[in-house]
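Accompanying notes for the structure given below.
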Amino acid sequence: MEKISYSDEGQFCSGHVACAGCVEALSMRVILNAVGPDTVGVVAPSCSAVILGGHPMSAAKIPVLHGTLESAAASASGIKRALLAQGRDDTTVLCLAGDGGTYDIGLQALSSAAERNEDILYICFDNEGYMNTGGQKSSSTPLNAATGSTPLGKVTRKKNLIEILAAHRIPYIATTSPSHLSDMAAKIEKAKAIRGTKVIIVLIPCLPGWGVADNAAVKTARLGVESGVFPLFEIEDGVRYTMTVDQKNQPIDAYLAEQKRYRHLSDDARNKLQAEVDETWARLTAMVDNCPL
Ligand SMILES: Cc1ncc(C[n+]2csc(CCOP(=O)(O)OP(=O)(O)O)c2C)c(N)n1
Ligand code: SF4
Ligand SMILES: [Mg+2]
């Protein structure tokens, strides 16, 4: 088991209102500490907005603007430009949003910011559904997963947001997971040092939304990485793909077994899901192998 080595600067306070056992709170702690105190945050309506809470009771030590679901990246762009106008070039603007606020409702704002290469660090907490409003499906929800609005399982596959972002040729895109906290801290520190639009997608197994046991979110995230469902990699300038963790050493079954949202799966549906994971993995490894220098 990995032992994380990072310094906790107290950027994330206890007493927040995340579900007990939520790995979004754990990830937020690592991210806020890695990004440091010279940071201004923007948070879209989502579990992260609920977890952080409002001033003066916020769990974050940094100032945070609560924006709208459509406009987190636009708000972050504006804040960055205002800071630049004040000569504060080094202040990081950190944008926090869920998958609904990123893959769906805020995608136009994120795409526009990426096209302008705004100097923002955008974190998507990807719990694969609209969780703080009761667990409806988003375009990040995977094929066959049951949600409040797809009780028999989603009939379409998860949107490949990473390839959409790569097409913008932004300087840095990465995936990370609360099962690999050193990888997470390292990617935040790397992204912080890069100028331009950086997007990091964090896998968040959601306890009520996925039907995961209160003590099993880290284990579920690890199984997601090891089965290749959620590979950990980075893309620089939209073209240079690098795997950052040795992974995909087992089929998807142990990952699925931790979650009630897949308990209705037939053998055929399970095989389709495995085939999709294998195909996506092959596509990704080809991108890594054919990476330009
Ligand atoms: C335009 C708009 N539609 C709907 C809402 C209501 N709403 C607030 S948070 C949320 C869910 C967001 O889901 P996601 O971004 O995945 O975050 P999560 O709750 O899963 O952390 C919704 C639908 C809203 N605030 N704005
Ligand atoms: S609903 Fe899910 S993501 Fe939101 S606080 Fe609870 S466990 Fe965390
Ligand atoms: Mg979500």
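Residue-level check: of (1) away from ligand 2 (no atom under 15 Å from the Cβ); (2) within 19 Å of the chain's Cα centre (by Cα); (3) not small (G, A, S), V43 misses just (1). Looking at the stretch 164-172, can you tell me whether even one residue there is in a loop (DSSP other than H, G, I, E, B) and within 16 Å of ligand 1 (Cβ to nearest atom)? No: zero hits. Return the residues of the stretch 231-256 that are touching a strand residue (DSSP E or B) at 6+ places or on another chain (Cβ under 7 Å), open to solvent by 30 Å² or more (accessible area, probe 1.4 Å) and free of Cβ contacts under 8 Å to residues at least 60 places away in the same chain; say none if nothing qualifies. Result: T242, M243.
Once the stretch 3-33 is narrowed to residues that are in a loop (DSSP other than H, G, I, E, B), away from ligand 3 (no atom under 16 Å from the Cβ) and in contact with a Leu (Cβ under 8 Å, 6 or more places away or on another chain), the residue that is least open to solvent (accessible area, probe 1.4 Å) is Q11. Here's a check for you: in the stretch 142-164, which residue that is within 15 Å of ligand 3 (Cβ to nearest atom) and within 19 Å of E70 (Cα to Cα) is most open to solvent (accessible area, probe 1.4 Å)? Ranking the candidates gives K159 first.
Within the stretch 177-196, residues that are closer than 21 Å to S227 by Cβ have Cβ atoms under 6 Å from residues that are among the charged types (D, E, K, R) and open to solvent by 10 Å² or more (accessible area, probe 1.4 Å) in these pairs: S179/R222, counting only partners at least 6 apart in sequence or on another chain. In the stretch 59-79, the residue that is most open to solvent (accessible area, probe 1.4 Å) out of those that are assigned to a loop (DSSP other than H, G, I, E, B), under 29 Å from I4 (Cβ atoms) and more than 16 Å from ligand 2 (Cβ to nearest atom) is K61.
The number of residues in the stretch 109-126 being open to solvent by less than 10 Å² (accessible area, probe 1.4 Å), more than 7 Å from ligand 1 (Cβ to nearest atom) and not in a loop (DSSP other than H, G, I, E, B) comes to 9.
Please verify whether L181 is open to solvent by less than 20 Å² (accessible area, probe 1.4 Å) and within 18 Å of the chain's Cα centre (by Cα), treating the condition exactly as stated. No. What about P45, is it assigned to a loop (DSSP other than H, G, I, E, B), farther than 19 Å from T175 by Cα and either within 16 Å of ligand 3 (Cβ to nearest atom) or touching a Lys or Arg at 6+ places or on another chain (Cβ under 6 Å) (or both)? Answer is yes for this residue. Does G129 meet the test of being under 14 Å from the mean Cα position of the chain (by Cα), in contact (Cβ under 8 Å) with a residue 40 or more places away in the chain and open to solvent by 10 Å² or more (accessible area, probe 1.4 Å)? No: the conditions fail for G129.
When G153, G135, G148 are screened for being touching a residue at least 12 places away in the same chain (Cβ under 8 Å), within 16 Å of ligand 1 (Cβ to nearest atom), on the phi > 0 side of the Ramachandran plot and of a type in the set (G, A, S), only G135 passes.
Restricting the stretch 211-227 to residues that are over 16 Å from S182 (Cβ atoms) and under 16 Å from the mean Cα position of the chain (by Cα), the residue that is nearest to ligand 1 (Cβ to nearest atom) is A217.
The values are calculated or read from the model by the stated rules, or taken from the named source; none is laboratory data. Just so you know, these numbers come straight off a predicted model, no measurement behind them. Positions of Cβ are backbone-derived with ideal geometry, glycine not excepted, and every protein chain shown enters the neighbour counts. In case anyone asks, the SASA skips ligands and DNA or RNA and just uses the protein heavy atoms, side chains included. Shrake-Rupley method; radii C 1.70, N 1.55, O 1.52, S 1.80 Å.
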